[in-house]
Amino acid sequence: MTSMDIRDYAAQEAANQPEKQIQAAIVEVLRFKGYAVYEFAKPGGHVALRGAVPVGWPDLLVGRNEQCCGMEVKRPGKTATVAQQEQAQALQVSFGIPVHVVHSVDEALEAARHML
């Protein structure tokens, strides 16, 4: 197997991971790196917060050094819904909180980098 084959295989495996596994890995690594992470709802568990947060609210709020950002966790190749895009824009405009769509731990770390 060549290195390209290995990368393709790894990308295919990542694409098949459920969103809840991607989010769990992101939360674990960010917390290990010293970020405060609040999960508004576990993937598949948004029913518990129905009415508590607006439709489209980001999955995670990540903070460090008096700064924060929202993160919407998606499987590779997936994009934010219209409601999620609208909430991201509202959080940015009203509160200055950027919201990033992330598909992996690496993307989440890159999105959080501005808080160092």
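Scanning the range 48-77 for residues that are charged (D, E, K, R) and over 21 Å from Val37 (Cβ atoms) gives a single hit, Arg50. Considering the range 60-77, and only residues there that are in contact with a helix residue (DSSP H, G or I) (Cβ under 8 Å, 6 or more places away or on another chain) and not in a strand (DSSP E or B), the residue that is nearest to Gln17 (Cα to Cα) turns out to be Arg75.
Here Val82 passes the criteria (1) more than 21 Å from Met115 (Cα to Cα); (2) over 12 Å from the mean Cα position of the chain (by Cα); (3) at pLDDT below 95 except the one numbered (3). Taken together, the residues in the range 1-43 that are farther than 19 Å from Gly77 by Cβ, among the small types (Gly, Ala, Ser), at pLDDT below 90 and exposed (fewer than 12 other Cβ atoms within 10 Å of the Cβ) amount to 1. Among residues of the range 52-66 being at pLDDT below 95 and out of contact with any Gly (no Cβ under 9 Å at 6 or more places or on another chain), the one that is surrounded by the fewest Cβ atoms within 10 Å (Cβ to Cβ) is Glu66.
Among the residues of the range 78-116, which ones are outside any helix (DSSP H, G or I), under 16 Å from Ile22 (Cβ atoms) and without any contact (Cβ under 8 Å) to a residue 60 or more places away in the chain? First the steps, then the outcome.
Residues of the range 78-116 that are outside any helix (DSSP H, G or I), as a first pass: 78-81, 96-104, 116.
Keeping just the survivors that are under 16 Å from Ile22 (Cβ atoms) gives 78-80, 100-104.
Scanning the range 78-116 gives Lys78, Thr79, Ala80, His100, Val101.
Within the option set Ser94, Ser104, being loosely packed, with under 12 Cβ neighbours inside 10 Å, modelled with pLDDT of 95 or more and of a type outside the set (Lys, Arg) holds for one residue only, Ser94.
The values are calculated or read from the model by the stated rules, or taken from the named source; none is laboratory data. Bear in mind the structure is a predicted one, so any value in this text is a computation, not a measurement. Every residue, glycine as well, gets a Cβ built from its backbone with ideal geometry; the counts of neighbours run over all protein chains shown.
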